[in-house]
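For reference, the structure is listed below as structure tokens.
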Amino acid sequence: MTVSPTPEQQAPDSDDPGAGAPSPGGSSSGDTVAGDTAAGGTVAPAVPMPDDPIQADALVEPEPAPIPVWPGTPYPLGATYDGAGTNFSLFSEVAEAVELCLIDRDGKERRIRLDEVDGYCWHCYLPNIGPGQFYGYRVYGPYDPSRGLRCDPSKLLLDPYGKAFYGDFDGDAALFSYRLPDAGADEVAGDGSPDSGDAAGASAAPDQAEGASPESTGVDGSPDATADAEGAESADEPEDSGEPAAGPEPDQAPHDSPPVAGSSDDLPGLDSLGHTMVSVVINPYFDWQNDRSPNRPYHKTVIYEAHVKGMTMTHPAVPEHLRGTYAGLCHPVIIEHLKSLGVTAIELMPVHQFMQDFVLRDQGLRNYWGYNTFGFFAPHIEYSSNPDQPASAVTEFKAMVREFHNAGIEVILDVVYNHTAEGNHLGPTVCFRGIDNAAYYRLVDDDPAMYMDYTGTGNSLNGRHPHTLQLIMDSLRYWILEMHVDGFRFDLASTLARELHDVDRLSAFFDLVQQDPVVSQVKLIAEPWDIGEGGYQVGNFPPLWTEWNGKYRDTVRDYWRGEPATLGEFASRLTGSSDLYEATGRRPLASINFVTAHDGFTLRDLVSYNEKHNEANGEDNRDGESHNRSWNCGVEGPTDDPEINELRARQQRNILATLFLSQGTPMLAHGDEIGRTQHGNNNVYCQDNELSWMDWSLAEENADLLEFTRTAIALRTAHPVFRRRRFFAGKPIRWGTQALDIAWLTPAGVEMTTADWDSGFGKSLAVFLNGHGLEEKDERGERVVDDSFFICFNAHYEPIDFTLPPDSYGLEWVGELDTTCPTGDSELTASAGDTVTVGGRAVLVLRKTT
């Protein structure tokens, strides 16, 4: 829904520079009604006035009652309701004047001049103004893009601290602070920019620069780039395809005739009220019913990455009106599914309020993933089961968190603090750009009209500015203290660490997180890359942080598809990646292990396709990562060949077994437990439909895979030896008899030598995990002792005989997990020195009994 203006509020003719950009003013009461002289000149009334003065007086609407305006306080920023009224505060260092605009349900606007300003925070307190009130701001100040100044009072600006939003962006020319070349307001291209082929960020959508390959520009909310979870690691591995650009690129204007906008005289002055969303005052009070975070330690955590909408849209047991909503996600049937898997934390793809891409919308597509944030304090309203109630998303989100906590499941948010939906210099002016452009965005030093782009989306937030850092930290604290979330996964986290151009591990942002008594106590997960130079930073984040381990993903994929010379790397990833994390004082749990995630192939597609098939995205299959480290097992896509289908099913089990037997913190992508497919599309960022949603009918069709996943997670959960808190020492441990905490053996049952590790053709090995060699204590100080395990990995295409180690390792062994069985069951029993046959491309897990 778009809040429509009254006739008095319609934008004037775009040929009148400055019209619709009124000068600040106000009545003695401190407020004006849009359309009066003080608010911007006389505006023609909606209907002709009679000549008779008496009749004319009868038709004149009465003046609205004056609104009392109290000084209020500069902090907290945003709109804060206290039960009797609301305090409003907005930061802008460049503003010369600021108006608070109150919008009613009919779109009528009342402007209140903010006369109080302290430390560049413009503020007031309005008694009797409470929850449900629509509002925005108009900021008066210099408009000179060549100096990075973009104040435009014709734009109704959203509150950067807004807790809820309402309405929609319609792509109208009024959203833009420049004249559209050769186009009227009704001739704007589908994305709201002058030309649908414009540079990234020209609209709400991160589009691609003319002539650029899609792989080199988009990240997450846009077509995938090499900075995404599929290829960014090649920044320090140039032999891989998809190497990111040498450094961040300032945004570019590919127009033959770029828009001319160099001073306030160039502003078209089109009023954006009625074409933009509005901010909403919320009621912060909620009955949490003694809610407490499960506060589960990493070594007991199993993460499940999910999408609020996609998780429930096809589930038959979720009521139709709740599908795709926060309420639907916490429906008992969904929670029971997660608990039956053994999941302890759900990681939600972006739920901060984001903008729909105009160009995608006109193509019949939508921004599904949501990496296009502008509201860092507001839950996305489209995920509310009652979106016509402006603040309902807040209450519903809180209720969802409460239900997950009651089930012992933590809630982690995927957050996007690296860029905003306003895009580059050709993007709309809806919030930050018009409030204080240079404070909120990284601008090109020698050309402040352009934006630095470390993200492939047109702009980068300015982590060097104290108020931008404050915005990020205030947002994080708000979601912890007010919304009760348990952690965050930071999209393209390297961007937040850039002090100048280099990624700085000791940047101000990390200093703030380290000392913050609230933020430092929750789970902090980094996606440790961006597309800028030196952006690939796996293993380089500070001690409090865990990281998506891209090297783990690549190594496991390569090992199971039969790539040569992977044994040593595979062993390192299986045991917690000490080469990446030990030197910085971190432990195995710093490695968030994953093989698939939202971007890239699903697990089923990983073993079914060699090539991406993204034709549905409308980019001629040019978007998305091309180097997927996948193997189709002999046929591209679906097949009726029973042998290939059996192999694909086994390969899925092999990868899942490896994931849950590895040291570190595992993350399962939603639907992989039931064989979800995207039919070879590895970049469904714009596919808000059945292609990307979970198909719950697969839970019955692939019941064996679901049961196998439950079994593998249960094995991990029951045995501390698979989730150690410390790295293996690889040395003798004395508990009565001498033994190693870990030993690597060849299929012949002898310890691996250097020559064995360096063998380029080796694809099989075994590992002994000593349950008596943990050297750890539990929460009560008791020494942790577990069973010992012998795990055989065979990535060779033929069965291989493994000889069990001598009796010093164990006398009797029983099978616990066998990936040659659809459900993982094993009835194998064996003794020391016996030979057991491990199937081609399979994993066998044996537990020591004596």
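The values are calculated or read from the model by the stated rules, or taken from the named source; none is laboratory data. In this text the structure is predicted, and so the values were computed from the model without any measurement. Note that we place each Cβ from the backbone using ideal geometry, even for glycine, and neighbour counts take in every protein chain shown.
Values for this structure:
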| read-out | value |
| --- | --- |
| Filtered residue count, segment 443-469, keeping only those that are part of a helix (DSSP H, G or I) and touching a residue at least 60 places away in the same chain (Cβ under 8 Å) | 1 |
| Residue in segment 284-306 that is closer than 30 Å to residue 709 by Cβ, in a strand (DSSP E or B), of a type in the set (Asp, Glu) and modelled with pLDDT of 95 or more present | yes |
| Those residues of segment 281-322 which are more than 24 Å from the chain's Cα centre (by Cα) and of a type in the set (A, V, I, L, M, F, W, C), in sequence order | 281, 282, 286, 288, 317, 318 |
| Residue, surrounded by the fewest Cβ atoms within 10 Å (Cβ to Cβ), within segment 382-398, restricted to residues that are closer than 16 Å to residue 479 by Cα and in contact with a helix residue (DSSP H, G or I) (Cβ under 7 Å, 6 or more places away or on another chain) | 396 |
| From 433, 442, residue being among the basic types (Lys, Arg), in contact with a strand residue (DSSP E or B) (Cβ under 6 Å, 6 or more places away or on another chain) and under 27 Å from residue 548 (Cβ atoms) | 442 |
| Flag if residue 668 is crowded, with 23+ Cβ neighbours inside 10 Å, in contact with a helix residue (DSSP H, G or I) (Cβ under 7 Å, 6 or more places away or on another chain) and either of a type outside the set (Ser, Thr, Tyr) or closer than 30 Å to residue 357 by Cα (or both) | no |
| Selection within segment 118-151 - assigned to a strand (DSSP E or B), surrounded by 17 or more Cβ atoms within 10 Å (Cβ to Cβ) and of a type outside the set (Ser, Thr, Tyr) | 121, 122, 123, 124, 126, 134, 136, 138, 139, 144, 149, 150 |
| Condition met for residue 659 (surrounded by fewer than 23 Cβ atoms within 10 Å (Cβ to Cβ) and outside the structural domain of residue 798 (by TED's automatic domain parsing)) | no |
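Rundown of residues vs (1) of a type outside the set (D, E, K, R); (2) surrounded by 20 or more Cβ atoms within 10 Å (Cβ to Cβ); (3) modelled with pLDDT of 95 or more; (4) under 17 Å from residue 659 (Cα atoms), yes/no style:
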| site | (1), (2), (3), (4) |
| --- | --- |
| 547 | no, yes, no, yes |
| 553 | no, yes, yes, yes |
| 580 | yes, yes, no, no |
| 586 | no, yes, no, no |
| 592 | yes, yes, yes, yes |
